[in-house]
Amino acid sequence: MIDLHGFGDQLLQGAVVTLELALSSLFVGLILGLLGASAKLSSVKVFRWIAHGYTTIIRGIPELLTVLIIYFGATSVLMSIAGLFGYEEYIEVGAFAAGVTALGLTFGAYATEVFRGALQSIPKGQHEAAIALGMGPVRKFYRIILPQVWRIALPGLGNLFLVLLKDTALVSVVGLDDIMRKANIAVSSTKEAFLFYLVAAFMYLALTIISMAFVSYMEKRASRGLTRG
Amino acid sequence: MDFSVVIEYFPRLLQGAWVSLQLVAISIVLGGAFALPIALARISPVGWIRAIPFAYIFFFRGTPLLVQIFLVYYGASQFDAVRESVFWPILKEPFWCAIIAFTLNTSAYTAEIFRGAIQAIPQGEVEACKVVGMSKFQMYRRILLPRAFGIVLPAYGNEIILMLKGSALASTITILDLTGMSRTIIARTYTPMEIFLAAGGIYLVISIVIIAIFRQIELRQNRYLGTLSIKVPDKG
């Protein structure tokens, strides 16, 4: 029972892949979210339209479909681009890269709304004070605005990360060796479906609990400036 | 890209969409019915009564829906006792397995939404109910639940959208829902982009319709708040 017919190690390897996928998608998603929020608050109409279209489409389409579209679509899109440059070999997009793209896009769309709310809640005086101190736009952003946005956005982003963690299971459908696919392999050779899917479920649960603890630590850390005031 | 395949197979896609809608509708109704007792148990003053729904909600919200579907569809059939039981005619059907998994999943999320709404009602209203001599049942039926229903609507609309998106996972257990149908068509035509994008478009239209319906219900349910409080949304 403990070594799970020898599949225990396999499942742990799967957990590492799941975690790698989740963290890579988080990184991509955070950047897309910040860009999306900036675009939504931009004074340029075209940027607002693009951001609005992006969040509406991604949030209205099932994550599984996004994964499938990226996985099958990226190959043909890349090949037609490469074809323009006279490259005719077959290009294959791996499950991991497709997963990071799809889940990053999904996370980014939801994070756009979280960041937008946080950016809007920064009082105008903070911007003015930074400008009065002679900070340029870049310095103002990462010294004054971002630390405050981060604190306000963290709880929302934490929730999104928990959703992302569970969505990683979808990438097993296109063949990534994560927890879910390792469980599938174990099931097909042992026929003990209930056992292995339950173990997989508890592994996701464990990852969720660890993430929750980490997010609450980060929230405390991000608010440490507040307790003094 | 050649979108003539989309036109050719559009009726099949709509068939798939109809299956998706059935999955969502049945799961949402059953899930909502289960969610209410779970939510009420979750706010019980008795410790151990609170613990059971807490564990239930934690499990179903903390694990992927895909695992839950596989647990029901593949997991249950591992046991001879299940195969010989009266439930087997239901549990061997992928459609009903998906319904069971979706119902359990959405009931956990919905229970948390209901709990939040019930707890969001000001304490003064509960006290007012007691003062006019309502029993606990009357208080819930006449005051708390209708109030909670109004508070719950926006979050509940979101949950239905999430369920619609989750229903795509039914395709992993051979159900020909919108995603499953798309994959079947693609296996024949080898046009993944065209068909998947068309399916995405149909999902998008369904979500937009659901959002519009909920906005109407919300306006109706919260009409006692007065016409003045209904804000006209800003442009863009």
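Over the protein assembly as shown, what per residue volume does the convex hull of the Cα atoms give, in whole Å³?
Expressed per residue, the convex hull around the Cα atoms of the protein assembly as shown is 216 Å³.
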Study note, to complete from the structure: One finds, for residue B:138 and residue B:3 with R0 = 51 angstrom and r their Cβ-Cβ distance, a FRET efficiency to the nearest 0.05 of 0.30
Review point. Excluding same-chain residues fewer than 8 positions from residue B:92, which lysines have a Cα within less than 27 Å of its Cα?
Key: A:166, A:182, A:191, B:165
**Study point:** Virtual spin-label span in nm between residue B:93 and residue A:27, 7 Å along Cα→Cβ
**Key:** 4.8 nm
Review point. Considering only the other residues whose Cβ falls under 13 Å of the Cβ of residue A:99, what net charge follows from Lys and Arg at +1 and Asp and Glu at -1?
Key: -4
Check your understanding: So which chymotrypsin sites (Phe, Trp or Tyr not before Pro) in the stretch A:21-90 pass both tests, a DSSP loop state and at most 16 other Cβ atoms within 10 Å of the Cβ?
Key -> A:85, A:87, A:90
Check your understanding: What angle do you read, to the nearest 10 degrees and between 0 and 90, between the alpha-carbon axis of helix A:45-60 and the longest principal axis of chain A?
Key -> 30 degrees
Check your understanding: Using the alpha-carbon atoms, what tilt in degrees (0 to 90, nearest 10) does helix A:146-167 show relative to the longest principal axis of chain A?
Key -> 20 degrees
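Please label the shape of the stretch B:20-131 as rounded, prolate or oblate, based on the square roots a ≥ b ≥ c of the eigenvalues of the alpha-carbon gyration tensor (a/c under 1.5 means rounded; beyond that, a/b larger than b/c means prolate, else oblate). Spell out each step's value before the answer.
Numbers: a/c = 2.70, a/b = 2.15, b/c = 1.26.
Taking the square roots of the gyration eigenvalues as a ≥ b ≥ c, the stretch B:20-131 is prolate.
So what is the calculated 222 nm ellipticity per residue for chain A, using -39500 (n - 2.57) for each DSSP H run with n of 4 or more, over all residues, to the nearest 500 deg cm²/dmol?
It comes out at -26000 deg cm²/dmol, rounded to the nearest 500.
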Check your understanding: Where Lys and Arg each count +1 and Asp and Glu each count -1, what net charge lies around residue A:68 among other residues with Cβ under 14 Å from its Cβ?
Key -> -2
Review point. Taking the Cβ-Cβ separation of residue A:129 and residue B:18 as r and a Förster radius of 45 Å, what is the calculated FRET efficiency to the nearest 0.05?
Key: 0.20
Review point. Under 14 Å Cα-Cα from residue A:40, which aspartates and glutamates qualify once same-chain neighbours fewer than 8 residues away are excluded?
Key: A:113, B:234
**Study point:** For A:138, A:100, order by how many other beta-carbon atoms lie within 10 Å, fewest first
**Key:** A:138, A:100
Check your understanding: Is the shape of chain A rounded, prolate or oblate, going by the alpha carbon gyration tensor and its root eigenvalues a ≥ b ≥ c, with a/c under 1.5 for rounded and a/b larger than b/c for prolate?
Key -> oblate
Revision key, fill the gap. D (µm²/s, integer) via Stokes-Einstein for chain B, Kirkwood Rh across alpha-carbon pairs, 10 °C, 1.306 mPa s: value 78 µm²/s
Check your understanding: Contour minus end-to-end for residue A:82 and residue A:218, with contour as 0.36 nm per residue of separation and end-to-end as the Cα-Cα distance?
Key -> 44.7 nm
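Please find the FRET efficiency linking residue B:81 to residue B:131, where r is the Cβ-Cβ separation and R0 is fixed at 56 Å, and quote it to the nearest 0.05.
Efficiency, rounded to the nearest 0.05: 0.55.
Mean Kyte-Doolittle of at least 1.0 plus a Cα span of 24 Å or more along the axis: flag which DSSP H helices in chain B meet both, please. Intermediate values should be presented prior to the final figure.
Details: long enough: B:4-42 (54 Å, 1.37); B:94-120 (39 Å, 0.79); B:145-166 (28 Å, 0.91); B:192-221 (43 Å, 1.37).
TM-like helix candidates: B:4-42, B:192-221.
Since every read-out is calculated from the coordinates, none of them should be taken as a lab result. Quick caveat: nothing in here was measured; it's all calculated off a predicted structure. For neighbour counting, all protein chains shown are included, and Cβ atoms are generated from backbone atoms with ideal geometry for every residue, glycine included.
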